[in-house]
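In what follows, a structure is listed as structure tokens, so that the remarks can point back to it.
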Amino acid sequence: MNPTPASTQAPARASVPAAPPGAALALGDDALVLSHRLGEWAGHAPVLEEEVALANIALDLLGQARFLLSLVGDEDELAYLREERAFRNVQLVEQPNGDFAHTIARQLYFSTYQELLYGQLTAGDGPFAPLAAKAVKEVAYHRDHAEHWTLRLGDGTEESHRRMQTALDALWRFTGELFDPLDRLDVDVSALRDGWLALITRTVGQATLTLPTGPQSGAWTAGAGRQGIHTEPFGRMLAEMQHLHRSHPGATW
Amino acid sequence: MTTTAPDARTYEAVFDATVAADERIEPRDWMPDAYRASLVRQIAQHAHSEIIGMQPEANWITRAPSLRRKAILMAKVQDEAGHGLYLYSAAETLGTGRDELLDKLHSGRQKYSSIFNYPTLTWADVGAIGWLVDGAAITNQVPLCRCSYGPYARAMVRICKEESFHQRQGYELLLTLSRGTEAQHAMAQDAVDRWWWPSLMMFGPPDDESAHSAQSMAWKIKRHSNDELRQRFVDICVPQAESLGLALPDPGLRWNEERGHHDFGAIDWDEFHEVLRGNGPCNEERISRRRQAHEEGAWVREAAAAHARKHGGTPGEARA
């Protein structure tokens with residue numbers, strides 16, 4: 001709520017070693033798509049404070065997306081002119097908002113992953129270190145926000161407990177993909193997976209909820225989001241997002 | 001806080017002297033019941049306008065045509081939620097809680113600015129809202145920074161700073177469209193054509209028909225009349241429209257050397273009253289959407305309250 005919110009501008013590009021475009025695109029698409037989904041909440045949040053909080057998270061993610069996509073090419077061309085099959089985000093982030101519990105479960109799974117990932121990237125001096133150093137602080141807040149709501153909903157009323165458990169179970173099968181190795185990204189994937197599982201297990205337990213037991217990925221061998229295979233709602237999301245930009249080829253906004 | 005005191009006349013004299021000296025009335029000060037009621041009405045209407053006003057703009061977040069514009073628009077809609085929070089808090093200092101005010105909004109007993117009953121049909125409407133609607137709001141609100149009630153005046157200082165950023169981004173958005181392709185220019189002109197007259201209505205009915213104006217002026221809640229502010233706004237907009245390369249849809253608009261102001265055409269007050277009565281293009285949608293969000297969020301608020309009871313916090317903390 002500053003007159004010139006820092007998050008409305010993409011972080012300045014520092015001179016860093018060239019980023020592997022595959023990884024930049026994958027992480028950039030994750031942030032772009034989740035930011036878009038959170039933006040859909042505007043005007044619908046269950047309480048005014050959450051209008052502010054969800055917009056805040058969406059803005060952080062959009063800032064990250066703009067930085068990452070700019071490492072690969074023109075941010076608007078990448079966001080608005082690619083077809084569905086060219087997007088490399090995980091399927092988790094494209095899942096529709098559902099009820100507030102679904103949005104919180106998606107946030108819990110993703111922000112926990114993102115905090116650990118950026119934490120690792122901060123440690124090195126690779127091309128993502130400058131972004132990771134800034135983003136890890138933002139994402140720590142996102143994770144804290146999601147954890148607190150998981151606790152309130154899990155250990156709130158009977159209805160909120162049931163909804164939160166349903167949401168955790170429903171999104172569980174999209175979590176395995178978070179740990180697919182990314183091209184030339186210097187990350188210890190098994191430490192990432194173990195750290196993630198430990199944190200999620202702790203929060204879910206504290207919230208008096210049960211850790212889902214099903215498989216963490218779908219059965220289809222064609223692949224998932226990182227290979228450009230998305231779920232049906234994603235196409236409609238892109239149609240809405242890209243329509244205006246595509247209706248005026250070459251225009252400046 | 002009780003307003004009946006053994007020595008009410010002394011209290012009233014202190015209140016009158018404070019207002020006359022242009023000093024601030026603070027929450028714990030004695031104030032006339034009617035002053036309190038008038039402030040609650042005005043602050044509530046302002047708070048409701050902020051949260052209803054999120055809808056027409058949020059309508060375009062998912063379709064914003066560039067990532068930069070998307071970030072600006074999201075930040076703006078977020079600011080409006082923040083303004084709602086400050087204003088509901090200012091009303092709370094007068095003894096009226098947010099839940100009660102929201103109930104009154106949802107049941108139609110309190111109003112919000114009628115401007116938000118108009119639809120945002122194209123992307124250019126986002127620019128027109130920033131330039132004209134936020135511009136009119138600023139013209140209305142800058143004098144409120146000197147309002148006699150301290151918490152409201154202080155909230156307005158912060159709000160006006162942010163509104164002025166919104167107004168600039170709206171102007172800049174329209175300028176980009178106006179200088180863009182033919183289709184973009186036409187989109188911008190169409191938006192200004194639709195938003196100009198409703199923006200002029202935002203200043204409220206003419207002075208001789210304004211129900212609350214005289215008393216509010218005497219209490220220094222309000223500092224200028226509706227017609228004065230409307231004239232100020234027109235005078236500001238005319239040169240800005242020229243710089244934008246867009247026409248204002250009023251053939252009667254011309255500089256009056258003698259008055260030192262622009263003359264402008266007659267406002268369609270029938271439209272104003274019809275929209276106020278609920279017959280605007282979006283009255284039903286706006287309030288239904290608000291009620292729906294509130295009802296669908298009930299289980300979340302109940303969960304937060306239940307969790308707070310179990311763990312010794314307050315629902316207020318759980319809200320944050």
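The values are calculated or read from the model by the stated rules, or taken from the named source; none is laboratory data. Note that the coordinates shown come from a computational prediction; the quantities given were computed from them, not determined experimentally. Cβ: placed from backbone, ideal geometry, glycine included. Neighbour counts: every protein chain shown.
Give the residue, chosen from A:G214, A:G205, A:G250, A:G154, that is over 20 Å from A:V33 (Cα atoms), within 13 Å of chain B (Cβ to nearest Cβ) and surrounded by fewer than 13 Cβ atoms within 10 Å (Cβ to Cβ). Only one candidate qualifies: A:G250.
Which ranges mark the helices (runs of 4 or more DSSP H) fully within segment A:53-135 that have 2 or more residues being in contact with a Gly (Cβ under 8 Å, 6 or more places away or on another chain)?
By residue number, A:91-94, A:100-123.
Just one of the listed residues (B:A188, B:A214, B:A183, B:A241) is away from chain A (no Cβ under 14 Å), closer than 27 Å to A:G250 by Cα and either exposed (fewer than 15 other Cβ atoms within 10 Å of the Cβ) or in contact with a Leu (Cβ under 7 Å, 6 or more places away or on another chain) (or both), namely B:A241.
Residues of segment B:276-320 that are aliphatic (A, V, I, L, M) and at pLDDT below 95: B:L276, B:A318, B:A320.
The condition (being within 23 Å of the chain's Cα centre (by Cα) and within 14 Å of another protein chain (Cβ to nearest Cβ)) is satisfied by just one residue among B:I287, B:I221: B:I287. On the stretch given as segment B:164-203, residues that are without any contact (Cβ under 8 Å) to a residue 60 or more places away in the chain and within 30 Å of B:A21 (Cα to Cα) total 1.
Checked against (1) under 22 Å from A:S247 (Cα atoms); (2) within 13 Å of chain B (Cβ to nearest Cβ), A:R85 passes all but condition (2).
Could you tell me whether any residue of segment A:132-145 is buried (at least 19 other Cβ atoms within 10 Å of the Cβ), within 19 Å of the chain's Cα centre (by Cα) and within 9 Å of chain B (Cβ to nearest Cβ)? No, segment A:132-145 contains no residue that is buried (at least 19 other Cβ atoms within 10 Å of the Cβ), within 19 Å of the chain's Cα centre (by Cα) and within 9 Å of chain B (Cβ to nearest Cβ).
Residues in segment B:154-173: is at least one in a helix (DSSP H, G or I), more than 13 Å from chain A (Cβ to nearest Cβ) and within 18 Å of B:A247 (Cα to Cα)? The answer is yes; a qualifying residue exists.
All conditions but one from (1) more than 18 Å from B:G84 (Cβ to Cβ); (2) surrounded by 24 or more Cβ atoms within 10 Å (Cβ to Cβ); (3) within 7 Å of chain B (Cβ to nearest Cβ) apply to A:L38; the one that does not is (3). Could you list, in sequence order, the residues of segment A:230-245 that are surrounded by fewer than 18 Cβ atoms within 10 Å (Cβ to Cβ) and at the interface with chain B (Cβ under 8 Å from one of its Cβ atoms)? A:E240, A:H243 - these are the residues of segment A:230-245 that are surrounded by fewer than 18 Cβ atoms within 10 Å (Cβ to Cβ) and at the interface with chain B (Cβ under 8 Å from one of its Cβ atoms).
None of B:M74, B:M31, B:M54 is in contact with a Gly (Cβ under 9 Å, 6 or more places away or on another chain), buried (at least 19 other Cβ atoms within 10 Å of the Cβ) and in contact (Cβ under 8 Å) with a residue 24 or more places away in the chain except B:M54. One residue alone among A:R184, A:R162 is closer than 30 Å to A:A18 by Cα and either part of a helix (DSSP H, G or I) or touching a residue at least 60 places away in the same chain (Cβ under 8 Å) (or both), and that residue is A:R184.
Each residue in segment A:167-186 was checked for being over 16 Å from A:L92 (Cβ atoms) and surrounded by fewer than 18 Cβ atoms within 10 Å (Cβ to Cβ), and 4 of them qualify.
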